[in-house]
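First up is the structure itself, then whatever we jot down about it.
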Amino acid sequence: MTSVSTHILDTSAGRPAGGVAVTLSVRTGPDAPWEPHGTSATDPDGRCKDLPALPEAATHVRLHFEVAPYLARHAHPAEAQQDAPRTDHGPRDSGAFFPEVAVVFAVVPGEHFHVPLLLNPFGYSVYRGS
């Protein structure tokens with residue numbers, strides 16, 4: 001069984017990012033269309049523990065993190081600095097520089113893939129964890 005898990009750490013606050021919606025999509029080759037496969041949200045510990053196992057034919061996974069609502073709820077004092085980039089550009093703008101994050105990676109059947117997201121208001125990083 002091939003499986004995927006993820007968690008999000010808000011590096012500007014030094015704590016987990018709970019309540020972030022996550023969508024898992026799969027495809028069966030580099031030119032195949034993406035198929036939705038599951039949704040979840042991070043728990044208070046910033047983890048998604050209930051993403052479904054992947055279909056046997058899956059070759060690629062896309063994790064889509066909807067981070068704008070989380071960042072809007074958890075604005076940090078550092079963002080108010082005089083020299084911080086201005087991100088409030090109108091009523092339809094959440095204020096997040098990256099309102100969403102999409103991570104695409106290749107999978108090998110039978111392995112587990114843990115993909116953490118390190119998030120802050122003006123950047124992010126991902127890696128293959130364990």
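So the values come out like this:
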item: Odd one out for Ala41, checked against (1) closer than 19 Å to Glu100 by Cβ; (2) buried (at least 17 other Cβ atoms within 10 Å of the Cβ); result: (2)
item: Close pairs from the range 110-122: first closer than 15 Å to Ala41 by Cα, partner of a type in the set (D, E, K, R) and assigned to a loop (DSSP other than H, G, I, E, B), Cβ under 8 Å, at least 6 apart; result: Val115/Arg128
item: Which numbered condition Met1 misses (of (1) farther than 18 Å from Val126 by Cα; (2) modelled with pLDDT of 95 or more; (3) in a loop (DSSP other than H, G, I, E, B)); result: (2)
item: Members of the range 42-71 that are within 16 Å of Leu9 (Cβ to Cβ) and in contact with a Gly (Cβ under 8 Å, 6 or more places away or on another chain); result: Thr42, Asp43, Pro44, Asp45, Gly46, Tyr70, Leu71
item: Close pairs (9 angstrom Cβ cut-off, 6 or more residues apart or separate chains): farther than 25 Å from Val115 by Cα and crowded, with 16+ Cβ neighbours inside 10 Å in the range 89-103, of a type in the set (A, V, I, L, M) and at pLDDT below 55 anywhere; result: none
item: The range 21-38 - residue that is among the aliphatic types (A, V, I, L, M) and over 18 Å from Tyr127 (Cα atoms) and, of those, surrounded by the most Cβ atoms within 10 Å (Cβ to Cβ); result: Val26
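The values are calculated or read from the model by the stated rules, or taken from the named source; none is laboratory data. Because the structure is a prediction, the values reported are computed rather than measured. Cβ: placed from backbone, ideal geometry, glycine included. Neighbour counts: every protein chain shown.
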